[in-house]
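**Q** Have a look at this one before I ask anything.
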Amino acid sequence: MPTTSPFTKRTWQNRVFVDLSPVASIVFLVAVSAIGAAADERVLDARMHHIRFGETREWSEFSPQAEADELALEFAADTAVATETTLRIRHRDVKQTWQLELNGKSLGRLPVDENLMVTYWAVPPSLIRAGVNRLRIHGSGKSSDDVLLGDVCWDDRPRAVVLSEAKLEVRVVDADNSHLTPARITIVDSSGALVSTGATSAGKLAVRPGIVFTADGTATIPLPSGRYRVYAGRGFEYSVAEAAVELRPGESNPLQLAIRREVPTAGYAACDTHCHTFTFSRHGDATIEERMVTLAAEGVEIPIATDHNVQVDYAEPAKRLGVDRYFTPITGNEVTTKFGHFNVFPLEPGPSSIDPTGADWPTIFAAIRPGVAGRFVVLNHARDIHSGYRPFDPSRHIGPAGERLDGWNLEANLIEVVNSGTTQSDGLQLFHDWFGLLNRGLRIVPVGTSDSHDVARHFVGHARTYVRCDDRDAGAIPLDEFYRNLAAGRVLVSYGLLADLQIADRYSAGDLVPAATPLRVRLRVLGPHWATASKVTLYADGVAIREFKIDERKTAAPTGVKWDHEFVLERPRHDVFLSAIAVGAGVRKPYWPTPKPYQPTSPDWTPYSLAGTGAVMIDIDGDGRFTCAREYAERVVAKTKGDFSALFTALTNYDEATAIQGASLSAAAGHSLFGDELRKPLSAAPTNVRRGFQRYLEAWRESRTAQSSQ
Ligand SMILES: [Zn+2]
Ligand SMILES: [Zn+2]
């Protein structure tokens, strides 16, 4: 126990580090003069501490050993406190529940947000004692959480007074027409931490620490005095404007920021097929009003309301908040079952019209009735576990072959390949899953979605889908055209970048390129100036065939275009689908930060941006339709009747994807893939065949391992 007496009047800087207990909580002892001192703010602990809740290290960027499993601070008040005072705390990487406690009473929970933040907490006078006071911040939850906590200060004044020392009057205008525009305003301190403001969510504002979404381009933002960096932006397509400001107590500072649309997306509507509200889903934190503001401020032109097992109409609240000219809403439903989540739209507003209680996919899809009234069905976050079930768990799904092992047919026509609320450690995994399904013969279209339940943490429209249609009037997008093109796969998936693939200047995602068309490929990567692209890969039947490094310093592309390149593709021997995927570094800046993975499969993390095109089908054999890899494989496998030598010879002229399907069909026909009759001829087979069979065998073994560990 500490022996230094902390109670000397006004010796608050007398600080002693004490390691009190075997569980290694950290205790600081600080003497504080609570009232009447010249300075309003006392530093209780200037350092940041690495604290870990749970047994295992969450991220490799943290050291293997945390300093402690909770933060505990003791400080002495030399007299009782009569009015509300304020605690300021800095925190980063908060993912689980972290309770803030003073003398055993809760002051609240830290916001669940991994970004670096400074938040302010009201302390009722009844919670402060004359003498020793104990502040604790401790975690709980399902999995380990590494966090940084510290920089704790105590301010004599009430929270509202601290947060309104000064004022910022922000106007965000569109530089192209000088009109006020909906926007996201981000405010950070000199260390880049999002800072709590005195603004509150109401009317046309949606507010979280350091972030103010405005539906009309204006915001009055009370703030503690100090130096800040202020950013304004409007989602993926817009520039980001920034300014450094210094606010003095009592001052009101006007600030105008001008942004402009940089990414050329005319003819494509920005759609987010996965939007939630706290109001109707009862988790996350965005009210229906805040959702309207954030949709306008992130530039989502077609939001699809998909709260869990309820069918919400955004039209009325959008009109009420005056944002109905910024988007054309669609009512949907995240049909939330024990065997996966499926977004279904369009639906009539009201309670769920779909029974989510089915005990298997056939029953669930019978309730969803795909195709009825032009219904779209999205397979959501197929690699995540919910209610103990992962739709694409290797035990029931062989990804490279798009093969189900449980006999349940996937009756979805859309699949999430990026979900920014639940990103994967391997950002390409779900793209490869989609490739496998196309090779299997499913007609299924990729989408990017946000799954946003929140205002700021996982914001709406972060991942999104550009669907070809007339988007000149965002408030009245022709939905017939939108549905037709979405069904056809005329889509570009965006997560911080956008990629476009054109053949012979005429055909792009969702199109069938007629036989004999010259395969002149134009590949473009788009993005705002604050995004970076590093590589774009062209895939044929899901197999990488061309890869281009992008060095933006060397491209003289206009603003909004990162890379633009034309080349002639060697003619494949059979029908293939083409798709391009661009990757780049993620965004570390606070105005649009790339989130960490949701259910990580690795402690290592490098933020990434992604873009993928829908599939362009190439008709090579001239039958006027697209023939998938499985159809070719069926013909070959039927002819060779289990003779692997003959099969490999016949597959020579086909691609790796066809070989994968050939392996899958051979296994389904009962031919052993592990005997000498396969091994010997396979070692002599051409590369595409060998690779295809090996990829299938690896995935098959992974499935067996997963099954046996269940
Ligand atoms: Zn879900
Ligand atoms: Zn969801």
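The values are calculated or read from the model by the stated rules, or taken from the named source; none is laboratory data. Quick caveat, the model's predicted, so the values are computed rather than measured. All Cβ positions, glycine included, derive from the backbone under ideal geometry; neighbour counts span all protein chains shown.
**Q** Would you please name the residue that is surrounded by the fewest Cβ atoms within 10 Å (Cβ to Cβ), looking only at residues in segment 282-310 that are out of contact with any Phe, Trp or Tyr (no Cβ under 7 Å at 6 or more places or on another chain) and at pLDDT below 95?
**A** Applying the filter and picking the extreme gives His283.
**Q** Starting from residues that are in a loop (DSSP other than H, G, I, E, B) and crowded, with 22+ Cβ neighbours inside 10 Å, keep the ones in segment 367-383 and report whichever is farthest from ligand 2 (Cβ to nearest atom). Before the answer, list the steps.
**A** Taking segment 367-383 first, the residues in a loop (DSSP other than H, G, I, E, B) are 369-371, 375, 380-383.
Next cut, crowded, with 22+ Cβ neighbours inside 10 Å only: 380-383.
On the way: Asn380: 6, His381: 8, Ala382: 13, Arg383: 14 Å.
If we take residues in segment 367-383 being in a loop (DSSP other than H, G, I, E, B) and crowded, with 22+ Cβ neighbours inside 10 Å, then Arg383 is farthest from ligand 2 (Cβ to nearest atom).
**Q** Within segment 306-335, can you find the residues that are within 16 Å of ligand 1 (Cβ to nearest atom) and in contact (Cβ under 8 Å) with a residue 40 or more places away in the chain?
**A** Asn309, Val310, Gln311, Gly332, Glu334
**Q** So Phe75 clears everything in (1) outside any loop (DSSP other than H, G, I, E, B); (2) under 21 Å from Leu116 (Cα atoms) except one condition, right? Which one?
**A** Exception for Phe75: condition (2).
**Q** Right, Ala359: among the small types (Gly, Ala, Ser), assigned to a loop (DSSP other than H, G, I, E, B), in the same structural domain as Ala487 (by TED's automatic domain parsing) and at pLDDT 95 or above or not?
**A** Numbers: among the small types (Gly, Ala, Ser): yes; assigned to a loop (DSSP other than H, G, I, E, B): yes; in the same structural domain as Ala487 (by TED's automatic domain parsing): yes; at pLDDT 95 or above: yes.
Yes; evaluated as a whole, the condition is true for this residue.
**Q** Which of the residues that make up segment 362-382 are farther than 24 Å from Asp313 by Cβ, of a type outside the set (A, V, I, L, M) and more than 16 Å from ligand 1 (Cβ to nearest atom)?
**A** Result: Pro362, Thr363, Phe365.
**Q** Among the residues of segment 288-299, is there at least one that is touching a strand residue (DSSP E or B) at 6+ places or on another chain (Cβ under 8 Å), farther than 22 Å from Pro222 by Cα and within 16 Å of ligand 1 (Cβ to nearest atom)?
**A** Among the residues of segment 288-299, not one is touching a strand residue (DSSP E or B) at 6+ places or on another chain (Cβ under 8 Å), farther than 22 Å from Pro222 by Cα and within 16 Å of ligand 1 (Cβ to nearest atom), which makes the answer no.
**Q** Another question, if that's okay. State whether the residues of segment 445-467 include one that is over 21 Å from the mean Cα position of the chain (by Cα) and polar (S, T, N, Q). Break it down into steps so the answer makes sense when it comes.
**A** Of segment 445-467, the ones over 21 Å from the mean Cα position of the chain (by Cα) are none.
So far as segment 445-467 goes, no, none of its residues is over 21 Å from the mean Cα position of the chain (by Cα) and polar (S, T, N, Q).
**Q** For segment 271-305: of the residues being hydroxyl-bearing (Ser, Thr, Tyr), within 16 Å of ligand 2 (Cβ to nearest atom) and touching a residue at least 40 places away in the same chain (Cβ under 8 Å), which is farthest from Leu492 (Cα to Cα)? Steps first, please.
**A** First, the residues of segment 271-305 that are hydroxyl-bearing (Ser, Thr, Tyr): 273, 277, 279, 281, 287, 294.
Next, from what is left, pick out any that are within 16 Å of ligand 2 (Cβ to nearest atom): 273, 277, 279, 281, 294.
Right, trim to touching a residue at least 40 places away in the same chain (Cβ under 8 Å) and you get 273, 277, 281, 294.
Details: Thr273: 13, Thr277: 25, Ser281: 28, Thr294: 22 Å.
By that ranking, first place goes to Ser281.
**Q** Only one residue in Ser126, Ser164 is part of a loop (DSSP other than H, G, I, E, B) and either on the phi < 0 side of the Ramachandran plot or buried (at least 19 other Cβ atoms within 10 Å of the Cβ) (or both). Which one?
**A** Values: Ser126 fails: part of a loop (DSSP other than H, G, I, E, B).
Testing whether each residue is part of a loop (DSSP other than H, G, I, E, B) and either on the phi < 0 side of the Ramachandran plot or buried (at least 19 other Cβ atoms within 10 Å of the Cβ) (or both) leaves just Ser164.
**Q** Write out, first by first residue and then by second, each pair whose Cβ atoms fall under 8 Å of each other, whose residues are 6+ apart or on separate chains, and whose first residue, in segment 42-66, is farther than 30 Å from Asp78 by Cβ while the second is assigned to a loop (DSSP other than H, G, I, E, B) and aromatic (Phe, Trp, Tyr).
**A** Sorted first by the residue in segment 42-66, then by its partner, the pairs are His50/Phe62; Arg52/Phe62; Trp59/Trp605; Ser60/Trp605; Glu61/Trp605.
**Q** A further question follows. For the list (1) within 16 Å of ligand 2 (Cβ to nearest atom); (2) assigned to a loop (DSSP other than H, G, I, E, B); (3) charged (D, E, K, R), I need the number of the one condition that Glu334 fails.
**A** (2)
**Q** Continuing with the same structure: Looking at segment 233-242, can you tell me whether even one residue there is within 16 Å of ligand 1 (Cβ to nearest atom), of a type in the set (Gly, Ala, Ser) and within 19 Å of the chain's Cα centre (by Cα)? Outline the logic, then answer.
**A** Going residue by residue through segment 233-242, those that are within 16 Å of ligand 1 (Cβ to nearest atom) are none.
No, that holds for no residue.
**Q** Please return the ranges of helices (runs of 4 or more DSSP H) entirely within segment 604-681 where 2 or more residues are touching a residue at least 24 places away in the same chain (Cβ under 8 Å) and in contact with a Lys or Arg (Cβ under 6 Å, 6 or more places away or on another chain).
**A** Answer list for segment 604-681: 656-668.
**Q** Going through segment 410-440 one residue at a time, which ones are part of a helix (DSSP H, G or I) and either at pLDDT below 95 or closer than 21 Å to Glu334 by Cβ (or both)?
**A** Result: Ser420, Gly421, Thr422, Leu430, Asp433, Trp434, Leu437.
**Q** Could you pull out the residue among Ala412, Ala515, Ala509 that is within 30 Å of Arg390 (Cβ to Cβ) and assigned by TED's automatic domain parsing to the domain that holds Tyr598? Quick ask: steps written out before the conclusion?
**A** Numbers: Ala412 fails: assigned by TED's automatic domain parsing to the domain that holds Tyr598; Ala515 fails: within 30 Å of Arg390 (Cβ to Cβ).
Of the residues listed, the single one that is within 30 Å of Arg390 (Cβ to Cβ) and assigned by TED's automatic domain parsing to the domain that holds Tyr598 is Ala509.
**Q** Filter segment 441-458 down to residues that are part of a loop (DSSP other than H, G, I, E, B) and more than 11 Å from ligand 2 (Cβ to nearest atom), then give me how many there are.
**A** Quick first cut of segment 441-458, residues part of a loop (DSSP other than H, G, I, E, B) only: 441-444, 450-451, 453-458.
Imposing the further condition that a residue be more than 11 Å from ligand 2 (Cβ to nearest atom) reduces the set to 441-444, 454-457.
Qualifying residue count for the region: 8.
**Q** Any residue at all in segment 81-92 that is closer than 18 Å to Asp155 by Cβ and modelled with pLDDT under 90?
**A** Restricting attention to segment 81-92, the residues satisfying the condition of being closer than 18 Å to Asp155 by Cβ are 81-91.
Remaining after also requiring modelled with pLDDT under 90: 81-82.
The answer is yes; a qualifying residue exists.
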